[in-house]
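The values are calculated or read from the model by the stated rules, or taken from the named source; none is laboratory data. Worth saying up front: this structure is predicted, and the values here are computed from it rather than measured. Neighbour counts run over all protein chains shown; Cβ positions are idealised from the backbone, glycine included.
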Amino acid sequence: MKASLLLQPAASCYNRSMDYIVFDLEWNQCPYGKEREVRTLPFEIIEIGAVKLNKDREITDKFYRVICPSVYPKLHFRTREIVGKTEEELQKGVPFTEAVSDFFAWAGQDVMFATWGGVDLIELQRNMKYYQLLHLLKGPLHFYDVQKLFAISYEDMKSRRALEYGIDFLKLEKNMEFHQALSDAWYTAEIFQKIDLDIIYAYDSIDVYQNPKTKQEEIHAVYNGYTKFVSREFLTKEDALEDKEVISTHCCLCGKAMKKKIRWFSVGAKNYYCIANCTEHGYMKGKIRMKKTDEGRFFVVKTIKVSSEAEADLIRQRKEQQTLRRRAKMRKIKKDC
Ligand SMILES: [Zn+2]
């Protein structure tokens, strides 16, 4: 008898009286093209804007710094267009190390971050890593992706809209320029204020830029209709796919180990799918996304989702198509030999 997994809602452990820090970043990139960029810092942060909200989501404070760039002092033409800043204005800014230290001192301990999409948290940490400041923010991080919360609240869960679309949709006043860190943070906070608390509590996001390193740090999160597992690191993809926990399939509703109807199979280089069946809750779709760290190690993000019979059929067809393609390829290789 396989053990069942203890299911606990992802956000159930949070302290509901903590402040929210809604932030936004603007960044520049190499003005001379990809070939000449600094590989460890493709995007250099030039602005940090943030607003603090109390537990009742009332705005209580704001934070803003312009950062004097040290890697790409010249602006990429797209940055100049979008952010509307000049090199001279940036020269008057403070160094990143100072801005980011001020930011965390201002934010305080035990806060929950919220951003429009997940990219800002990644770039913040990448910049911090470049300046050897990553210890200021311990990951993996639970945070609120307001872009996702907007989609869950008002659209089809999968859509990802621009910030301005969200403001228009909710008929909020547009009295500030978009694409400036403080005003975008402010707009994001205004949308965040409109989202139902039940949705906020049920759908936090997990940033894995600082991925789990040990078995103890692995993440098991439960959401409404799906579960998410983030594994520790492995040296190779194959090692990851041999791990029992990685390939296991537990029902996302009751936690019981399920029998696979279609075993894990790969689609492209990074994704794997399977179909399993819970005797009580029916078909579930499993997806593994293989992730590579900056250091070339591997970890997986696995989701198990309630699935309809039609979806299960679609996965079955995908696997059959893939098997046919592989056979055809093998035949060609044999012929060419
Ligand atoms: Zn079940």
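Below is a table of values for the structure above.
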| read-out | value |
| --- | --- |
| Residues satisfying the stated conditions in segment 95-105, i.e. out of contact with any helix residue (DSSP H, G or I) (no Cβ under 8 Å at 6 or more places or on another chain) and surrounded by 15 or more Cβ atoms within 10 Å (Cβ to Cβ) | Thr97, Ala99, Phe103 |
| Per-region count, segment 247-264, residues within 25 Å of Gln321 (Cβ to Cβ) and under 24 Å from the mean Cα position of the chain (by Cα) | 3 |
| Residue selected from segment 264-274 under the condition away from the ligand (no atom under 16 Å from the Cβ) and over 30 Å from Leu134 (Cα atoms), by the criterion surrounded by the most Cβ atoms within 10 Å (Cβ to Cβ) | Tyr272 |
| So Lys319, is it away from the ligand (no atom under 14 Å from the Cβ) and free of Cβ contacts under 8 Å to residues at least 60 places away in the same chain | yes |
| Per-region count, segment 207-259, residues part of a loop (DSSP other than H, G, I, E, B), touching a residue at least 40 places away in the same chain (Cβ under 8 Å), more than 16 Å from the ligand (Cβ to nearest atom) and of a type in the set (Val, Ile, Thr) | 2 |
| Condition check for Glu123: of a type in the set (Asp, Glu) and under 22 Å from Pro42 (Cα atoms) | yes |
| Test for Asp204: is it over 13 Å from Val300 (Cα atoms), within 16 Å of the chain's Cα centre (by Cα), among the acidic types (Asp, Glu) and at pLDDT below 95 | yes |
| Subset of segment 275-284 [more than 10 Å from the ligand (Cβ to nearest atom) and touching a Leu at 6+ places or on another chain (Cβ under 9 Å)] | none |
| Count of residues meeting criterion [within 16 Å of the ligand (Cβ to nearest atom) and surrounded by 14 or more Cβ atoms within 10 Å (Cβ to Cβ)] in segment 285-310 | 7 |
| Segment 281-337: number of residues that are of a type in the set (A, V, I, L, M, F, W, C) and in a helix (DSSP H, G or I) | 8 |
